[in-house]
């Protein structure tokens, strides 16, 4: 009887330890899965940004290769909202709302 009680206590301790290890491993695994999903979505977002930047670079290269003085002035006025010195700029309500 005394032997069974002593081994029973060790058996229960061992079982509790194993249960703790198993749940720790499961928790760690689930944590890794969530991190993997987060990083995957972040990578896909960054890849989209890279593609957009590449497209913009290609557009700028095309503009650079075909530009003349008028094209440059148009780009400066429209895309960069630049004006000539002593020039007064008027905006309509639609232009203000769209910005």
* Structure fact -> Helix 2-66 sits off the longest principal axis of the Cα atoms of the chain, rounded to the nearest 10 on a 0 to 90 degree scale, by 10 degrees
* Asked: Want the number for residue 82 to residue 36: 0.36 nm per residue separation, take away the alpha-carbon distance, what's left?
  -> 12.0 nm
* Asked: For the Cα atoms of the chain, what angle does the longest principal axis make with the long axis of helix 69-78, in degrees from 0 to 90, nearest 10?
  -> 60 degrees
* Structure fact -> Long-range share for the chain, i.e. C-alpha pairs more than 16 Å apart as a percent of all pairs, stands at 79 percent
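Values in this text are rule-based calculations from the coordinates and carry no lab data. Computed from a prediction, not measured in an experiment: that's the story for all the values here.
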